[in-house]
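The structure appears below as structure tokens.
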Amino acid sequence: LLLLVFSISMNGFLPSSGWVYLPGTCPSVVCEASVWGNLKHALMPAIALGVGRAAILTRLLRASMLEIIRMEYVTTARAKGLKENWVILKHALKNALIPTVTIMGLQVGFLIGGAIVVETLFAIPGLGTYGINAIIARDYQQVQGFILLVAICFVAINFLVDLVYSFLDPRIRYS
């Protein structure tokens with residue numbers, strides 16, 4: 001739909017495929033390099049990847065916040081005379097982020113899979129395109145390396161999620 005609306009219906013308002021290199025990163029002399037061109041090429045793929053996941057996380061955070069705001073310690077913080085912004089940010093949001101961060105860590109797998117599809121659809125030279133080309137060429141060593149790299153990224157992100165838990169909830173301490 002993004003391609004149909006922004007590239008075809010709006011007479012090429014946003015480019016439908018390809019990539020423009022950032023200044024100083026062009027591999028050959030003939031490249032066009034600009035920050036604005038890069039942003040125009042990255043906008044539709046970013047929207048395609050991010051909007052669905054952002055909706056899921058926003059609904060989850062809203063539900064968590066509505067539950068946390070009714071808790072007694074939030075009422076106590078308000079009764080002590082703390083400012084509403086401080087109560088929301090320090091007490092409620094910090095605790096409401098725990099389930100959201102959990103789901104965010106699990107969504108990384110969907111983002112990686114979606115990035116492979118989006119890179120192929122928008123003809124962006126990236127890791128997903130590399131993996132698809134390796135699969136098409138039946139280059140098993142490249143496919144294994146691609147899968148290993150994706151798995152390492154997934155495990156590393158989930159490890160970072162575990163570290164964020166200790167920051168959000170002081171009761172969770174890793175020894």
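Tell me, what is the 1.4 Å probe accessible area of Leu106, in Å² to the nearest 10? Using a 1.4 Å probe on the heavy atoms, I get roughly 90 Å². In the assembled protein chains, Glu67 presents an accessible area of approximately 110 Å² (probe radius 1.4 Å). The stretch between Leu57 and Leu168, if pulled fully straight at 0.36 nm per residue, gains 38.3 nm over its current Cα-Cα span. Mind grabbing the base-10 log of I(q)/I(0) for the chain at q = 0.16 Å⁻¹? Debye formula, identical points on the C-alpha positions, no solvent, two decimal places. Treating every Cα as an identical point scatterer, log10 I(q)/I(0) equals -1.06.
Let me check against my output: what whole-number percent is the relative contact order of the chain, with C-alpha pairs under 8 Å and at least 6 apart? Numbers along the way, then the final one.
Details: 139 pairs, mean separation 34.1, N = 175.
The value is 19 percent.
Whenever you get a sec, compute what percent of the accessible area on the range 35-168 sits on carbon and sulfur atoms (1.4 Å probe). Can you show the working numbers first?
Working: 6140 of 8500 Å².
Its accessible area is 72 percent carbon and sulfur atoms.
Accessible surface area normalised per residue over the chain is 67 Å², counting heavy atoms of protein chains with a 1.4 Å rolling probe. The distance between label points at Ala46 and Met10 comes to 1.4 nm (points 7 Å beyond Cα on the Cα→Cβ vector). For the chain, the longest principal axis of the C-alpha atoms and the axis of helix 140-168 are separated by about 20°.
The heavy atoms of Phe167 offer some 140 square angstrom of accessible surface to a 1.4 angstrom probe.
Kindly express, to the nearest 10 degrees and within the range 0 to 90, the angle between helix 127-136's C-alpha long axis and the longest C-alpha principal axis of the chain. Once rounded, the angle reads 50 degrees. Charges were assigned to the Cβ only: +1 to each Lys and Arg, -1 to each Asp and Glu. The resulting dipole of the chain about its Cα centre is roughly 740 debye. Taking amide H atoms as placed 1.01 Å from N in the peptide plane, the amide H of Ile124 lies under 5 Å from those of Gly18, each 5 or more residues away in sequence or on another chain.
Candidate cross-link partners of Lys40 among the aspartates and glutamates, defined by an alpha-carbon separation under 20 Å and a same-chain spacing of 8 or more, comprise Glu32, Glu119. Largest to smallest in accessible area, the residues Ser17, Ser64, Ser9 fall in the order Ser9, Ser17, Ser64 (1.4 Å probe, all protein chains included).
Here r is the Cβ-Cβ distance between Val35 and Leu149 and R0 is 22 Å; the resulting FRET efficiency, rounded to 0.05, is 0.20. A helix-only calculation puts the chain at -22000 deg cm²/dmol for mean residue ellipticity at 222 nm, using -39500 (n - 2.57) for each DSSP H run of at least four residues, averaged over all residues.
The listed residues Asp169, Asp139 rank as Asp139, Asp169 when sorted by accessible area, largest first, using a 1.4 Å probe.
The values are calculated or read from the model by the stated rules, or taken from the named source; none is laboratory data. These numbers were taken from a predicted model, which means no experiment stands behind them. All Cβ positions, even for glycine, are placed from backbone atoms using ideal geometry, and neighbour counts span all protein chains on display. Just the protein is used for accessible areas: all its heavy atoms, side chains included, with ligands, DNA and RNA removed. Shrake-Rupley method; radii C 1.70, N 1.55, O 1.52, S 1.80 Å.
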